[in-house]
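In what follows, a single structure is set out as structure tokens and then discussed.
Every read-out reported here was derived from the displayed coordinates using simple, explicitly stated rules and does not represent laboratory data. Just so you know, these numbers come straight off a predicted model, no measurement behind them. Neighbour counts are summed over all protein chains in view; Cβ atoms, including those assigned to glycine, are modelled from backbone coordinates with ideal geometry.
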Amino acid sequence: MTRVLLTGFGAFEGQSVNASWRAVHGLAESWDAVAEGAELHVRELPVSFRRAPTVLEAALVDVRPDVVVCVGEAGGRGAVGLERVAVNLVDARIADVDGAAPVDVPVVPGAPAAHWATLPVKDCVAAVRAVGVPAEVSLSAGTYVCNATFFTLMHALRSDPSIRAGFVHVPRTPEQVPPGGPGLETRLTVDALRAVLRAATTAVQDLRVSAGTLS
Ligand code: PCA
């Protein structure tokens, strides 16, 4: 059976919850391994530059996954974002939960400037839209803990392209945002993540459709 590792983050930036862990936990509670044809293993990562990569790398060893999807929350976004590229750069706007705010340092010294996601990102976007949730390909996961985790993941798996891996940013829950702000109900984020995992475990190759931008 396909082995899937799905991670979400704990709370940060003064919030009491993180929409990503809410959704990852919700999906795990309703997961039917037989119907999905896949075992789901979930982990909560701390929003810490130092500790998130360690917890993730331990999970990779433990789970030996065929598919890995890390999920984080993106305040201000209203659509689920399939991240296409991880950059080897940390430039923290705010301190992480350990009080660290590194600026202009590499995630992995000596590693390449960037790694591509190996998830079929366009298939994943189509699959999320098909369950009625807004989704887009994103060309930047930022320069904070999510991007650092994504880069760590893709660097760890660089010599094993048979493992499909990537990163998904999800909107905050409606309770986390002021009225009228962009948010997504957790049950819809759960549906979106289920659709991503189905596409990731079944797509033969990525869709050839444009998701490019001019600026
Ligand atoms: N979002 C932050 C870090 C953790 C999270 O959920 C980010 O986008 O880097």
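Does the stretch 115-176 come out rounded, prolate or oblate, given a ≥ b ≥ c as the square roots of the eigenvalues of its C-alpha gyration tensor, rounded meaning a/c under 1.5 and, failing that, prolate meaning a/b above b/c? In terms of gyration-tensor shape, oblate.
Over the chain, what is the relative contact order in percent, taking alpha-carbon pairs closer than 8 angstrom and at least six residues apart?
So the answer I get is 28 percent.
Considering only Ala113, Ala195, Ala23, the mean-square fluctuation computed in a Gaussian network model of the chain, springs between alpha carbons under 10 angstrom, is largest for Ala113. Counting only Cβ charges, +1 for Lys and Arg and -1 for Asp and Glu, the dipole size of the stretch 1-125 around its Cα centre is about 180 debye. For the stretch 15-109, relative contact order (Cα pairs under 8 Å, six or more residues apart, normalised by length) works out to 26 percent. Decide, for the chain, between rounded, prolate and oblate: order the square roots of the alpha carbon gyration tensor eigenvalues as a ≥ b ≥ c, take rounded if a/c falls under 1.5, and otherwise choose prolate if a/b is larger than b/c, else oblate. In terms of gyration-tensor shape, rounded. Between Met1 and Ser215, the distance separating the two model label sites (each 7 Å from Cα on the Cα→Cβ line) works out to 5.0 nm. The magnitude of the dipole of the chain, with charges of +1 and -1 set on the Cβ of Lys/Arg and Asp/Glu and taken from the Cα centre, is near 340 debye. Taking the chain as a Gaussian network of alpha-carbon nodes connected by springs under 10 Å, the highest mean-square fluctuation of the residues Gly37, Gly14, Gly132 belongs to Gly14. Loop-resident trypsin sites (Lys or Arg not before Pro) (DSSP state other than H, G, I, E or B) in the stretch 108-215 with no more than 14 further Cβ atoms inside 10 Å of their Cβ: Arg158, Arg208.
Given the chain, what percent of its DSSP beta bridges are antiparallel, to the nearest 5? List each step's numbers first, then the result.
Values: 8 of 31 bridges.
Around 25 percent of the beta bridges assigned by DSSP in the chain are antiparallel ones.
For the residues Val24, Val63, Val105, a GNM of the chain with alpha-carbon springs under 10 Å puts the largest fluctuation on Val105.
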